[in-house]
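Read the structure below first, then the notes.
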Amino acid sequence: MDPTREPTHTRCAISSCGWCEQDGVDCRFCSGTGWWRPERPHRDGSGVIVWVRVEEPCRGCAGTGKEHSPTAAHGG
């Protein structure tokens, strides 16, 4: 993972997100980096399906580094 890459989003699409506005609450999927490395299936040359790692903006936090959980931010 390249730590110099910037996330694609600076914050979530919610105009007033109590979860994003909290300090020190990192996303559990990317650990606050804004990027994650999921696996995806790929068929190799012999037809066998293998799993390969890809690097992309974190879907858990929309690349902000802070996990979005409106229900948790509003008490459930």
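The values are calculated or read from the model by the stated rules, or taken from the named source; none is laboratory data. Keep in mind that this is a model prediction, so the values were computed, not measured. All Cβ positions, even for glycine, are placed from backbone atoms using ideal geometry, and neighbour counts span all protein chains on display. The area values use the complete protein model at the heavy-atom level, side chains included, leaving out ligands, DNA and RNA. Shrake-Rupley method; radii C 1.70, N 1.55, O 1.52, S 1.80 Å.
In this entry, H74 passes the filter for residues that are modelled with pLDDT under 65 and open to solvent by 40 Å² or more (accessible area, probe 1.4 Å).
Can you find a residue that is modelled with pLDDT under 90, open to solvent by 100 Å² or more (accessible area, probe 1.4 Å), among the acidic types (D, E) and part of a loop (DSSP other than H, G, I, E, B) anywhere in region 14-21? Yes, there is a match, as at least one residue in region 14-21 is modelled with pLDDT under 90, open to solvent by 100 Å² or more (accessible area, probe 1.4 Å), among the acidic types (D, E) and part of a loop (DSSP other than H, G, I, E, B).
Of the residues making up region 45-64, those that are part of a strand (DSSP E or B) and open to solvent by 80 Å² or more (accessible area, probe 1.4 Å) are I49, W51, R53. The residue pairs whose first member lies in region 15-33 and is of a type in the set (V, I, T), whose second member is at pLDDT below 70 and open to solvent by 80 Å² or more (accessible area, probe 1.4 Å), and whose beta carbons are closer than 8 Å, counting only pairs six or more residues apart or on different chains, are T33/M1; T33/P3.
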